[in-house]
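Trainee: Handing you a structure now.
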Amino acid sequence: MRDVEGVIERMGGQGHGVLTHDGIRYYVPFTVPGDRVAAKVGEERGDGYAAHVSVLEAEGPDRVEPPCRHFQACGGCALQHWAEAPYNAWKRDKLAAALARRGFEQPPVADLVTVPANSRRRAEFILRRVKDRVLLGFHEAASRKIVDLEDCTVLRPALLAPLPALRGALIEVLGDGWAVDLKLTDTETGLDALITGKLKMRVQERIALSRAAKSIGLARLSWRFDPRSEPELLYQGEAQPLVRFGTRGVILPPGGFLQATVEAEQAMADFALDALRDAKRVADLFSGCGAFALRLAEAGKTVLAADADRPAIAALQAAVKTAGLAGRLTAQARDLERQPLTPAELKKLDAVLLDPPRAGAKAQAQQLALAAAAAGAAPGIVVMAACDPSSFARDARTLADAGWRLEKAVPIDQFRWSPHLEIISIFRR
């Protein structure tokens, strides 16, 4: 590999410093603007080449000491070495730039909403047995090597506390070299744990894992062989894993989706409730377990919630029954990519709330555009959440071309010290 030398000019979209040498761009992780570096050139990447620092010759003015001792080894964080003010500005500008590329001039992007350190309530760990020990942590950046985690500046302490005991419990059910995924979620009633992968699971191993889960204090422990399998319950404590949306509780399905932090979820919910304060009939699409839907129903709205995740919808339906909201909130399992709400269905609504996965809500945005083309068939308000600026900007363009005006977009730094970004926005006709 050859070396290049120069000064990092700016930060790229993935959080890598951009160095230009002889007209060629090089993307160098763990650098900041103003760093002077010598870098080893790697593989071609998009419009340039990947590279990594071989010598940091001089530090840029915004380089700071990272707060975590695992930084750079652990692949979980990419930007702990960058000062807060330029980091926050860069995160906000990621959304503004994505919208600008889709033709939004001076897009109405608010200041970045931040979340505290040690606030993430869910994490997916990798476990691998290596002879007589179990490694438990995250992969190194661009590597299959596992960083054996002992502390973390992003996760809630409750997610870290049981890791030593889990290492000990799982060594007996992992063959040498075997690896599994472990998803932990911190709920009001304790930790929900879901293991995915091959384990030695005879009767005695099941009993041993159940006893270990009880001694560790888990709320629930489940296991599945692969992501397509139904989870098998290994242990259930006295109280099932409970999360609360507004004042309404939901029993989380094993490994069920939640926003990564309570703070981000609350900021998004507050935004949505304010934006939809005058709407009476609302569809919450890609609803999950009901983080928005239950709050909207509690606020007096008539809500249709839909999601392809059947366990999530079943959990929401149970919560609706328990909360006495059956007359106000209807939840249905529905693949909104293949079966989006049609103009005939949209005509009955005052507003639509979208919270799609990373790929966005392309099919549903197109149906909204078709509804707008039919006089009186489109809801006046669309609130859209997203976790990817590019897919969000694409769907925003579809709505704007159909007559909705982007009134406000709020970037939320839910994924602290990473290039990922949460978004909540409002469109009006």
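Trainee: Given a 1.4 angstrom probe, I'd like the percentage of the accessible area of the chain that is carbon and sulfur, rounded to a whole number.
Mentor: Carbon plus sulfur share of accessible area: 49 percent.
Trainee: Looking at the chain, I'd like the Rg to Rh ratio, where Rg is from alpha-carbon atoms and Rh is Kirkwood's inverse mean 1/r.
Mentor: 1.00
Trainee: A follow-up question, please. What residue among MET201, ALA239, ALA275 has its Cα farthest toward the positive end of the dipole of segment 124-276, where the charges are +1 on Lys, Arg and -1 on Asp, Glu, each on the Cβ?
Mentor: Sorting the options by dipole projection puts first MET201.
Trainee: Now, a different point. Output ³J(HN,Hα) for segment 244-253: one whole-Hz value per residue in order, computed from phi by the Karplus curve 6.51 cos²θ - 1.76 cosθ + 1.60 with θ = phi - 60°, and x for Gly and Pro.
Mentor: Karplus-based 3J(HN,Hα) across segment 244-253 equals 10, 10, x, 9, 9, x, 10, 7, 5, x Hz.
Trainee: From the residues ILE216, ALA393, TYR26, which one has its Cα farthest along the dipole of the chain in the positive direction, the dipole being from +1 and -1 charges on Cβ of Lys/Arg and Asp/Glu about the Cα centre?
Mentor: About the Cα centre, the residue reaching furthest to the positive side is ILE216.
Trainee: In terms of the ratio Rg/(2.2 N^0.38 Å) built on C-alpha atoms, what value belongs to segment 12-108?
Mentor: 1.16
Trainee: Over all directions, average the projected area of the Cα convex hull of segment 187-238 and note it in nm².
Mentor: 3.7
Trainee: Based on Cβ point charges of +1 for Lys and Arg and -1 for Asp and Glu, what charge dipole magnitude is obtained for the chain about its Cα centre, in debye rounded to the nearest 20?
Mentor: That gives a dipole near 1300 debye.
Trainee: Using the structure shown, select from LYS280/LYS347; LYS183/LYS321; LYS94/LYS362; LYS145/LYS183; LYS145/LYS198 the pairs with a Cα to Cα distance greater than 24 angstrom.
Mentor: LYS183/LYS321
Trainee: Just the C-alpha atoms of segment 272-371: what Rg/Rh do they give, with Rh taken as the Kirkwood radius?
Mentor: Rg/Rh for segment 272-371 comes to 0.94.
Trainee: Over the alpha carbons of segment 44-200, what is the largest minus smallest coordinate on each principal axis, giving the biggest first in Å?
Mentor: Dimensions of segment 44-200 along the principal axes of its Cα atoms: 58, 43, 31 Å.
Trainee: Just to verify a number: what accessible area does ASP176 come out at with the full protein assembly present, 1.4 Å probe, Å² rounded to tens?
Mentor: 100
Trainee: Now, a different point. Let me spell out the model: positive unit charges on the Cβ of Lys and Arg, negative unit charges on the Cβ of Asp and Glu, origin at the Cα centre of segment 127-240. What dipole size does that give, in debye rounded to 20?
Mentor: Using only the charged Cβ atoms, the result is roughly 400 debye.
Trainee: So if I average 1/r over every pair of distinct C-alpha atoms in segment 211-299 and take the inverse, what Kirkwood radius in Å does that give?
Mentor: 15.1
Trainee: Report Rg(Cα)/(2.2 N^0.38 Å) for segment 93-167, keeping two decimals.
Mentor: For segment 93-167, the normalised Cα radius of gyration comes out at 1.65.
Trainee: While we're looking at this one, here's another question. Mind running the shape call on segment 206-365? Use the C-alpha gyration tensor, a ≥ b ≥ c as the square roots of the eigenvalues: rounded below 1.5 for a/c, prolate if a/b tops b/c, oblate otherwise.
Mentor: prolate
Trainee: Mind grabbing the accessible area of LYS145 for me, 1.4 Å probe, Å², rounded to tens?
Mentor: 120
Trainee: With +1 assigned to the C-beta of every Lys and Arg and -1 to the C-beta of every Asp and Glu, and no other charges, what is the dipole magnitude of segment 34-96 about the Cα centre in debye, to the nearest 20?
Mentor: Dipole magnitude for segment 34-96 comes out near 180 debye.
Trainee: If you plug each phi of segment 114-128 into the Karplus form 6.51 cos²θ - 1.76 cosθ + 1.60 with θ = phi - 60°, what whole-Hz ³J(HN,Hα) values come out, in order, with x for Gly and Pro?
Mentor: 9, 10, x, 5, 6, 10, 6, 9, 9, 7, 10, 9, 10, 10, 9
Trainee: Report, to two decimal places, the Cα Rg of segment 319-427 normalised by 2.2 N^0.38 Å (N = number of residues).
Mentor: Compared with the compact-globule rule of thumb, segment 319-427 sits at 1.15.
The values are calculated or read from the model by the stated rules, or taken from the named source; none is laboratory data. Source: prediction; values computed, not measured. Positions of Cβ are backbone-derived with ideal geometry, glycine not excepted, and every protein chain shown enters the neighbour counts. Accessible surface is based on the protein model in full, side chains and every heavy atom, while ligands, DNA and RNA are left aside. Shrake-Rupley method; radii C 1.70, N 1.55, O 1.52, S 1.80 Å.
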